[in-house]
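Engineer: Below is the structure I would like to discuss, written out as structure tokens.
The values are calculated or read from the model by the stated rules, or taken from the named source; none is laboratory data. Keep in mind that what you see is a predicted model, and the values were worked out from it rather than measured. In this analysis, Cβ positions are derived from the backbone assuming ideal geometry, glycine residues included, and neighbour counts consider all displayed protein chains.
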Amino acid sequence: TRENFDVDGGIDQDIFDINEDLGLDLFEGDIRLDGVQER
Amino acid sequence: NSIIGEEYRWPHTIPYVLDNSLEMNAKGVILNAFERYRLKTCIDFKPWAGEANYISVFKGSGCWSSVGNRHMGKQELSIGENCDRIATVQHEFLHALGFWHEQSRSDRDDYVSIMWDRIQSGREHNFDTYNDQVSDSLNVPYDYSSVMHYSKTAFQNGTEPTIVTRISDFMDVIGQRMDFSDYDLLKLNRLYNCTTSLSFMDSCNFELENVCGMIQSSGDNADWQWVSEVPRGPESDHSSMGQCKGSGFFMHFNSSSVSVGGTAMLESRTLYPKRGFQCLQFYLYSSGSENDQLNVYTREYSADNVAGTLTLVEEIKEIPTGSWQLYHVTLKVTNKFRVVFEGVRGAGASLGGLSIDDINLSETQCPHHIWHIKNFTQFIGSSSGTLYSPPFYSPKGYAFQIHLHLSDSTNAGIYFHLISGANDDQLQWPCPWQQATMTLLDQNPDIRQRMSNQRSVTTDPFMTTDNGNYFWDRPSKVGEVAFFPNGTQFSRGRGFGTSAFITHKRLKSRDFIKGDDVYILLTVEDISHLNSTAVEPIPTSTINDFCVNFTCENDGICVVQNGRVGCRCPSGEDWWYVGERCERRGSTQDTIVIAVSSTAAMFVLMLIVTLVSVYCIRKKYRSKTSSNTADMTLQNQHAF
């Protein structure tokens, strides 16, 4: 049978992998700091 | 791991906007995620209507959110490409509600070890912890199965795990992105003082003798019995499959004890709907006559009918015998009601009867179809692990099939196929914006504790394949020939889905496989109405419309200022309207005329004044001269 269309391209990507591949360097991988947040 | 400070809390009902930048599938997935919040927590969502603060979900780059309510009016939350998975949306909204990641708890090192040398350089800060001055774990133990926990491979610089759990069994549990865990819900409900939920109504596993407050009806021929096994089956309950000695109860109607047509009715406690639509789920076991049937009624009460009106909702016949079967019944009740289960003895011999267990009632939509796969385990990782569901029809009439791909070594895949069907000549092609939601059911007896794995795909009518065809065009045109098990030929369109639906390890965990049965719940919805979702807010403050009975003339516009009504009058280059209702017209010619006439008037006036003054002066002078001459004696009347 013809290839199915695989939206994940065969890779089980987590949130942080997706962001990493996009070159994002967010706080803890997926948190946007709005400048006020202090650590 | 929740941020400390009341100022970070959202109201229990969060205003939101689904920005039009979002992909269609993402919009549907976000609304499904909201339903999970409504079922398991007291958090609700409502379209933004001008409230001061709201969450704007848009298609940004990646998946991210701020932590807590930032009181910034429009607080953005990004569900970008590949973020359209329901648990990803749940995760990002937990951030917005005030939660950080689970492994950043202050006591994290008691439970996991961070392998610093395996983290990508420059990303180490992502594994910092908060101290308990700024982060509150809400008195809930460390949660390996939190939807907010990093996976073992987060930010790895190679192939070795960056997080190692001190209890090794949890190595492959951390990083689950299926649903809220029990502790996720405990924390969220504690943080927001939840005591109820919008859509959960009841769950009953019959473990307690009070049988969840269910009552036996009068006027029937027998009672339902509270038992833990039946000689002719089932040998055990469905809740724990007989794995717990001394427990495992369910309700049984012994149809062999009554004659054909004999009944036994079991009624739920009184229930109070809020949304007007409900989904009733339960497991049913038949061991009596194959013609035994279960009728499901609602008894709805109203002020003028205290006994309640009994309405037959569904007749469940031809119940497969010898195993627990999952059933869903859709209810549409708006008033106080009970659910009534009526067992009916059917024709033919009966040595057993009907048994019912794990009843759940919620104000959610029932799945459209159920794909029940028996003897499931044998297919995992085997070459025969390519399973196709029976054909189903969506509410719009599209025929479809699900393909479950289990023969891979680590992951199970799932794909949605359109297939040729009876309605194809009347349907729109390519198939527009039908969202297929495929759910691997976690068969936990309590719907609130289920962590079902779900993926949604949406038919984009504009999507093309490399050969230029439309992907979702009519299967008989772009599909391939296939055969049903009974030999019937049909066309099957190309599959659309994911090879990474769930890992085999997770598939074998929880209650996804129960009694070697698996259930895939299927819903195919038309989501074309979501095409444009960013709506103008409806102002919350009511405007007294003084202008209703105040009219302005000559296209004047009625305005209210400082509580007073008036008109803004039109004007042009050299003309204008004036007056309370713009009734008088003015123009620059008028000005000229006025200027000229006033000038003329002024001139005439001045002339008159002048003339009068001259006259008066002359007259005065003349009189003076005459009086002088009269008084003059001529002294010398003589000339010299």
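Engineer: Of the numbered conditions (1) assigned to a loop (DSSP other than H, G, I, E, B); (2) more than 9 Å from every other protein chain (Cβ to nearest Cβ); (3) not acidic (Asp, Glu), B:Ile55 satisfies every one except a single condition; which is it?
Structural biologist: Single failed check for B:Ile55: (1).
Engineer: Considering (1) away from chain A (no Cβ under 12 Å); (2) under 18 Å from B:Phe155 (Cα atoms); (3) under 23 Å from the mean Cα position of the chain (by Cα), say which one B:Thr88 fails and leave the rest.
Structural biologist: Only one criterion in (1) away from chain A (no Cβ under 12 Å); (2) under 18 Å from B:Phe155 (Cα atoms); (3) under 23 Å from the mean Cα position of the chain (by Cα) is unmet by B:Thr88, namely (1).
Engineer: Please verify whether B:Val17 is touching a residue at least 60 places away in the same chain (Cβ under 8 Å) and part of a helix (DSSP H, G or I), treating the condition exactly as stated.
Structural biologist: When the stated conditions are applied, B:Val17 does not pass them.
Engineer: Oh, and also: For the structure I just gave you, tell me whether B:Ser256 is touching a Pro at 6+ places or on another chain (Cβ under 6 Å), in contact (Cβ under 8 Å) with a residue 40 or more places away in the chain and hydroxyl-bearing (Ser, Thr, Tyr).
Structural biologist: Against the criterion (touching a Pro at 6+ places or on another chain (Cβ under 6 Å), in contact (Cβ under 8 Å) with a residue 40 or more places away in the chain and hydroxyl-bearing (Ser, Thr, Tyr)), B:Ser256 does not qualify.
Engineer: Still on this structure: Which one of these is of a type outside the set (A, V, I, L, M, F, W, C) and on the phi > 0 side of the Ramachandran plot: B:Gly288, B:Gly262, B:Gly219? Spell out the reasoning first.
Structural biologist: Values: B:Gly288 fails: on the phi > 0 side of the Ramachandran plot; B:Gly262 fails: on the phi > 0 side of the Ramachandran plot.
Just one listed residue meets the conditions, B:Gly219.
Engineer: Kindly indicate which of B:Ser66, B:Ser113, B:Ser78, B:Ser104 is more than 10 Å from chain A (Cβ to nearest Cβ), among the hydroxyl-bearing types (Ser, Thr, Tyr) and either in contact with a strand residue (DSSP E or B) (Cβ under 6 Å, 6 or more places away or on another chain) or within 18 Å of A:Gly29 (Cα to Cα) (or both).
Structural biologist: Unique residue meeting the criteria: B:Ser113.
Engineer: For region B:74-92, indicate whether the set of residues that are touching a residue at least 40 places away in the same chain (Cβ under 8 Å), part of a strand (DSSP E or B) and among the small types (Gly, Ala, Ser) is non-empty.
Structural biologist: There is no residue in region B:74-92 that is touching a residue at least 40 places away in the same chain (Cβ under 8 Å), part of a strand (DSSP E or B) and among the small types (Gly, Ala, Ser).
Engineer: Next question. Which one is nearest to B:Met201 (Cα to Cα), of the residues in region B:289-338 that are over 30 Å from the mean Cα position of the chain (by Cα), in contact (Cβ under 8 Å) with a residue 40 or more places away in the chain and assigned to a loop (DSSP other than H, G, I, E, B)?
Structural biologist: B:Trp324
Engineer: Which members of region A:1-28 meet the condition of being modelled with pLDDT under 95, crowded, with 19+ Cβ neighbours inside 10 Å and not in a loop (DSSP other than H, G, I, E, B)?
Structural biologist: Within region A:1-28, just A:Glu20 meets the criteria.
To keep it simple, each residue is scored yes or no on (1) modelled with pLDDT of 95 or more; (2) of a type in the set (Val, Ile, Thr).
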residue: B:Met251; (1), (2): yes, no
residue: B:Gln281; (1), (2): yes, no
residue: B:Glu290; (1), (2): no, no
residue: B:Thr311; (1), (2): yes, yes
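Engineer: Step by step: first the residues of region B:486-521, then only those that are part of a loop (DSSP other than H, G, I, E, B) and more than 21 Å from B:Thr377 (Cα to Cα), then the one that is nearest to the chain's Cα centre (by Cα). Which residue is that?
Structural biologist: Restricting to residues being part of a loop (DSSP other than H, G, I, E, B) and more than 21 Å from B:Thr377 (Cα to Cα), the top hit is B:Gly495.
Engineer: What number of residues within region B:368-388 satisfy the criterion of being assigned to a loop (DSSP other than H, G, I, E, B) and surrounded by fewer than 21 Cβ atoms within 10 Å (Cβ to Cβ)? Talk me through it step by step, then tell me what you get.
Structural biologist: Filtering region B:368-388 down to residues assigned to a loop (DSSP other than H, G, I, E, B) leaves B:368, B:374-376, B:380-385.
Now restrict to residues that are surrounded by fewer than 21 Cβ atoms within 10 Å (Cβ to Cβ): B:368, B:374-375, B:380-385.
Counting residues in region B:368-388 that are assigned to a loop (DSSP other than H, G, I, E, B) and surrounded by fewer than 21 Cβ atoms within 10 Å (Cβ to Cβ) gives 9.
Engineer: Taking the criterion of being under 49 Å from the mean Cα position of the chain (by Cα), at pLDDT below 80 and closer than 30 Å to B:Arg450 by Cβ, would at least one residue in region B:524-531 satisfy it?
Structural biologist: So far as region B:524-531 goes, no, none of its residues is under 49 Å from the mean Cα position of the chain (by Cα), at pLDDT below 80 and closer than 30 Å to B:Arg450 by Cβ.
Engineer: Filter region B:480-500 for residues that are buried (at least 19 other Cβ atoms within 10 Å of the Cβ) and within 9 Å of another protein chain (Cβ to nearest Cβ) and give the result.
Structural biologist: B:Arg492, B:Arg494, B:Gly495, B:Phe496, B:Gly497, B:Thr498, B:Ser499, B:Ala500 - these are the residues of region B:480-500 that are buried (at least 19 other Cβ atoms within 10 Å of the Cβ) and within 9 Å of another protein chain (Cβ to nearest Cβ).
Engineer: A further question follows. Among strands (runs of 3 or more DSSP E) lying entirely in region B:411-475, which contain 2 or more residues that are small (Gly, Ala, Ser) and either away from chain A (no Cβ under 11 Å) or closer than 30 Å to B:Arg36 by Cβ (or both)? Quick ask: steps written out before the conclusion?
Structural biologist: Working: elements: B:411-418, B:434-440, B:453-458.
Answer list for region B:411-475: B:411-418.
Engineer: Being touching a residue at least 60 places away in the same chain (Cβ under 8 Å) and either out of contact with any helix residue (DSSP H, G or I) (no Cβ under 9 Å at 6 or more places or on another chain) or under 20 Å from B:Ile373 (Cα atoms) (or both) is the filter here, so list the residues in region B:431-446 that pass it.
Structural biologist: Of the residues in region B:431-446, the ones touching a residue at least 60 places away in the same chain (Cβ under 8 Å) are B:432-446.
Passing the criteria: B:Ala436, B:Thr437, B:Met438, B:Thr439, B:Leu440, B:Leu441, B:Asp442, B:Gln443, B:Asn444, B:Pro445, B:Asp446.
Engineer: Any residue that is in contact with a Cys (Cβ under 8 Å, 6 or more places away or on another chain) and within 26 Å of B:Met241 (Cβ to Cβ) - is there at least one of those in region B:287-300? Talk me through it step by step, then tell me what you get.
Structural biologist: Taking region B:287-300 as the starting set, the residues that turn out to be in contact with a Cys (Cβ under 8 Å, 6 or more places away or on another chain) are none.
No, region B:287-300 contains no residue that is in contact with a Cys (Cβ under 8 Å, 6 or more places away or on another chain) and within 26 Å of B:Met241 (Cβ to Cβ).
Engineer: Are any residues in region B:133-156 within 14 Å of chain A (Cβ to nearest Cβ), closer than 24 Å to A:Leu33 by Cβ and surrounded by 12 or more Cβ atoms within 10 Å (Cβ to Cβ), and if so, which ones? Explain how you work it out, then say what you get.
Structural biologist: Of all residues in region B:133-156, those within 14 Å of chain A (Cβ to nearest Cβ) come to B:133-135, B:146-156.
Going one step further and asking which of them are closer than 24 Å to A:Leu33 by Cβ, we end up with B:133-135, B:146-151, B:154-156.
Once the filter is applied, which keeps residues that are within 14 Å of chain A (Cβ to nearest Cβ), closer than 24 Å to A:Leu33 by Cβ and surrounded by 12 or more Cβ atoms within 10 Å (Cβ to Cβ), region B:133-156 yields B:Val134, B:Ser135, B:Ser146, B:Val147, B:Met148, B:His149, B:Tyr150, B:Ser151, B:Ala154, B:Phe155, B:Gln156.
Engineer: Which pairs do you get when a residue that is in a loop (DSSP other than H, G, I, E, B), found in region B:190-209, comes within reach of a residue that is among the polar types (S, T, N, Q), reach meaning Cβ atoms under 7 angstrom, with the pair 6+ apart or on two chains?
Structural biologist: From region B:190-209, the pairs are B:Cys194/B:Thr41; B:Ser197/B:Thr41; B:Ser199/B:Ser362; B:Ser199/B:Thr364; B:Asn205/B:Ser239; B:Glu207/B:Ser239; B:Glu207/B:Ser247.
Engineer: Has region B:29-47 got at least one residue that is touching a strand residue (DSSP E or B) at 6+ places or on another chain (Cβ under 6 Å), at the interface with chain A (Cβ under 10 Å from one of its Cβ atoms) and either in a loop (DSSP other than H, G, I, E, B) or surrounded by fewer than 21 Cβ atoms within 10 Å (Cβ to Cβ) (or both)?
Structural biologist: No, that holds for no residue.
Engineer: Does B:Ser286 satisfy the condition of being modelled with pLDDT under 95 and among the hydroxyl-bearing types (Ser, Thr, Tyr)?
Structural biologist: In short, no.
Engineer: Same structure, new question: Can you find, within region B:119-132, the residue that is farthest from B:Glu92 (Cα to Cα) among those that are of a type outside the set (Asp, Glu), surrounded by fewer than 18 Cβ atoms within 10 Å (Cβ to Cβ) and touching a residue at least 12 places away in the same chain (Cβ under 8 Å)? Show your work before the answer.
Structural biologist: Keep residues of region B:119-132 that are of a type outside the set (Asp, Glu), which gives B:119-123, B:125-127, B:129-131.
Cutting the leftovers down to surrounded by fewer than 18 Cβ atoms within 10 Å (Cβ to Cβ) gives us B:120-122, B:125, B:129, B:131.
Okay, now just the ones that are also touching a residue at least 12 places away in the same chain (Cβ under 8 Å), so B:120-121, B:129, B:131.
Details: B:Gln120: 23, B:Ser121: 25, B:Thr129: 19, B:Asn131: 22 Å.
Going through the qualifying residues, I end up with B:Ser121.
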